[in-house]
Amino acid sequence: MKKIVPCVYIVTNKTNHVLYVGVTNNLLRRIYEHREKQIKVGSRLKKMMLVEKFNSDWKDLYSTLI
């Protein structure tokens, strides 16, 4: 059985201006998920620009997930 080891982590952005602190028992998964928080706090305009960058036609991508 895999041992669960909780850990405290600190990560930063590319310019080292923001520090993010958290606790997890799966560091790799949490680092991957952390991008979600950066998107959540962004303005509507920033979110729309992000969609435009990767999906400029605003296609429903649900079918690509299954």
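Read-outs throughout are calculated quantities, based only on the coordinates presented, and are distinct from any laboratory measurement. Not measured: the values here are computed from a predicted model. Because the Cβ atoms are built from the backbone with ideal geometry, glycine has one as well, and the counts that use them run over all protein chains shown.
Numbers for the structure displayed
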read-out	value
The chain: relative contact order in percent, alpha carbon pairs under 8 Å with at least 6 residues between	20 percent
Kirkwood-based Rg to Rh ratio, the stretch 1-55, C-alpha trace	1.09
DSSP-assigned coil residues among trypsin sites (Lys or Arg not before Pro) in the chain, each with at most 14 further Cβ atoms within 10 Å	Lys2, Lys3, Lys14, Lys59
Cβ-placed point charges (K, R +1; D, E -1), dipole of the chain about Cα centre in debye, nearest 20	220 debye
Degrees, to the nearest 10: 27-40 long Cα axis against longest axis of the chain	40 degrees
Tilt relative to the chain, helix 44-54 - C-alpha long axis, 0 to 90 degrees, to 10	80 degrees
